[in-house]
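The structure appears right after this line, and notes come after that.
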Amino acid sequence: MNQLTNTQTRDVEALLHPYTNARQVRLDGAHVIERGEGVRVFDQAGKGYIEGMAGLWCCGLGFGDAEVADAAREQYGKLPYYHLFGGRSHEPAIELAEKIKDLAPDMARVIYQSSGSEANDTQIKLVWYMNNALGRPEKKKIISRKKAYHGVTIVSASLTGLPYNHRDFDLPVDGIKHTSTPHFWREGKPGETEAEFAKRMAEDLEALIIAEGPETVAAFIAEPVMGAGGVIIPPAGYFPAIAAVCKKYDVHMIADEVITGFGRTGEWFGSDTLEMPRNSMSLAKQLTAGYAPLSAVAMDSRMAEAIESNSGTIGTFGHGFTYGGHPVSCAVGAKVLDIYRERDIVGQVKKIAPLFATKLNAYKDHPLVGEVRALGLVGALELTPDGTATPFEQPGKVGAKLGTELLARGVILRSIGDSMAFCPPMIITEAEIEEMFAPMEEALDATYAWGKA
Ligand code: PLP
């Protein structure tokens, strides 16, 4: 138990922290962050850290970008709030939707929300509405994947495929099913090639669709790279094989680009990099680089036309959020997308990705490291007791210990079970990558020694 500072005492007396062991934080005290600059944040004690996770996978431009702050300030002065209900509109919402369509020309319309979870909830309502409008109301089931992360609202948490998000909440709700995780290193059979594995994943999906009844299966949702499930990058051929099955049974494909959107994988969208066809996309996080809450669903013309066909019972798509498309968030998003283009953020990620991968791969032979995963500027080191795929008997403890060791050495990363995830701001320089990895060997060794003690 630590002696809590005054702020830490006020914190635990006033706040319930999301995704936090409430009892533990009362003993240890929260880590109070005060300010940020570039790829760094500083805590109340004045100590600086490299933010190797861009906050929660969102701060692609790092912290303290003055141009983005100016865009927000300007919009606050002009129109601090308006909505898009009942045919109202405002310029920032229109401008941002146009910019999204420029980056994803296969998308016909954009509808806004505030969070990734709300975007995925909206996706499901859009799919249900579309299938009602298309005269096939029985086609409503949604297939997600084990270890997927799609959010925490009742439906998006149901889409999420992590026991942790289901266990205490009696989820998933009916009609949401989960197929296999495309993690070759962990799930591949002895002697199986990546191509055979990808084919088997598609066969698993097809078997599930057939078992459920193809006429009842509406959509398949996937993150191009699974993020909060541990940064799982599917093998080449996986999405094309999956897409062929979806096409065969007319299953709408939802790309959850909440983490992978806007340059993270070295292209504008993860679905471009991973060859994932998409009928609609969930966008959030780097849409505003984390500077304002905003999410969006972008959809293809079939879905847009079904909604615009006005076939709902009252002729209205009865869904929307007070703050969906908030003008300040949209102005921030439009500025952020301009900056991504002006500063060639996709080029920057492509340029720095080889160094990032080399740095991660340097730990491949460390006795604690089972697998190294990297794509663009997202990656993970998966820790195992003996370097094989066999997991720890008590999952999560060693990963958490490594996180603590790194924090003490000035680097914030996120342990997801025993995978140490990396998702630094996309503006990170080569020198800052070196700095982020500088304490890694020592932190891994200290964690290893602790595990053996
Ligand atoms: N989808 C993905 C892929 C995510 O990673 C997340 C959050 O991490 C979400 C959805 C949910 O977003 P939010 O936390 O904004 O609701």
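Does the range 187-204 include one or more residues that are basic (Lys, Arg), outside any loop (DSSP other than H, G, I, E, B) and either within 16 Å of the ligand (Cβ to nearest atom) or touching a Pro at 6+ places or on another chain (Cβ under 9 Å) (or both)?
No, every residue in the range 187-204 fails to be basic (Lys, Arg), outside any loop (DSSP other than H, G, I, E, B) and either within 16 Å of the ligand (Cβ to nearest atom) or touching a Pro at 6+ places or on another chain (Cβ under 9 Å) (or both).
Checking each residue of the range 41-49 against the condition of being over 30 Å from Ile416 (Cα atoms) and out of contact with any Phe, Trp or Tyr (no Cβ under 6 Å at 6 or more places or on another chain) gives no match.
For Pro137, state whether it is surrounded by fewer than 16 Cβ atoms within 10 Å (Cβ to Cβ) and farther than 30 Å from Val372 by Cα. Let's see the steps before the verdict.
On the way: surrounded by fewer than 16 Cβ atoms within 10 Å (Cβ to Cβ): yes; farther than 30 Å from Val372 by Cα: yes.
It is true that Pro137 is surrounded by fewer than 16 Cβ atoms within 10 Å (Cβ to Cβ) and farther than 30 Å from Val372 by Cα.
Ala222 meets the conditions (1) more than 23 Å from the chain's Cα centre (by Cα); (2) within 30 Å of Ile345 (Cα to Cα) in every case but one. The failed one is (1).
Of all residues in the range 198-252, those that are of a type in the set (Ser, Thr, Tyr) and closer than 27 Å to Val378 by Cα total 1.
Looking only at residues of the range 291-323 that are of a type in the set (Gly, Ala, Ser) and surrounded by 24 or more Cβ atoms within 10 Å (Cβ to Cβ), we find that the one that is nearest to the ligand (Cβ to nearest atom) is Ser295. When only residues in the range 404-453 that are of a type in the set (Lys, Arg) and over 25 Å from the mean Cα position of the chain (by Cα) count, which is farthest from Val346 (Cα to Cα)? Per the stated criteria, the residue is Lys452. If you go through the range 284-298 one residue at a time, do you hit one that is of a type in the set (Lys, Arg) and more than 27 Å from Ala66 (Cβ to Cβ)? No: zero hits. Answer yes or no as to whether Thr193 is of a type in the set (S, T, N, Q), surrounded by fewer than 19 Cβ atoms within 10 Å (Cβ to Cβ) and in contact (Cβ under 8 Å) with a residue 40 or more places away in the chain. No, not satisfied.
Picking from Ile124, Ile209, Ile176, Ile142, which residue would you name as being more than 16 Å from the ligand (Cβ to nearest atom), over 15 Å from the mean Cα position of the chain (by Cα) and buried (at least 19 other Cβ atoms within 10 Å of the Cβ)? When all the criteria are applied, what remains is Ile209. Against the list (1) under 20 Å from the mean Cα position of the chain (by Cα); (2) under 30 Å from Lys452 (Cβ atoms), the condition Val369 fails is (1). Each residue in the range 52-84 was checked for being touching a Pro at 6+ places or on another chain (Cβ under 7 Å) and surrounded by 13 or more Cβ atoms within 10 Å (Cβ to Cβ), and 9 of them qualify. As for the range 169-181, it holds at least one residue that is at pLDDT 95 or above, in a helix (DSSP H, G or I) and either over 15 Å from Gly227 (Cβ atoms) or not assigned by TED's automatic domain parsing to the domain that holds Arg373 (or both).
Counting only residues that are aromatic (Phe, Trp, Tyr) and touching a strand residue (DSSP E or B) at 6+ places or on another chain (Cβ under 9 Å), which one in the range 49-85 is nearest to the ligand (Cβ to nearest atom)? Reasoning before the result, please.
Narrowing the range 49-85 to residues aromatic (Phe, Trp, Tyr): 49, 57, 63, 76, 81-82, 85.
Filter once more, so that each one left must be touching a strand residue (DSSP E or B) at 6+ places or on another chain (Cβ under 9 Å): 49, 57, 63.
Working: Tyr49: 20, Trp57: 6, Phe63: 18 Å.
Selected residue: Trp57.
Please verify whether the range 5-24 includes one or more residues that are in contact with a Gly (Cβ under 6 Å, 6 or more places away or on another chain) and in contact (Cβ under 8 Å) with a residue 60 or more places away in the chain. No, the range 5-24 contains no residue that is in contact with a Gly (Cβ under 6 Å, 6 or more places away or on another chain) and in contact (Cβ under 8 Å) with a residue 60 or more places away in the chain.
The values are calculated or read from the model by the stated rules, or taken from the named source; none is laboratory data. Everything numeric in this text was worked out from a predicted model, so none of it was measured. All Cβ positions, glycine included, derive from the backbone under ideal geometry; neighbour counts span all protein chains shown.
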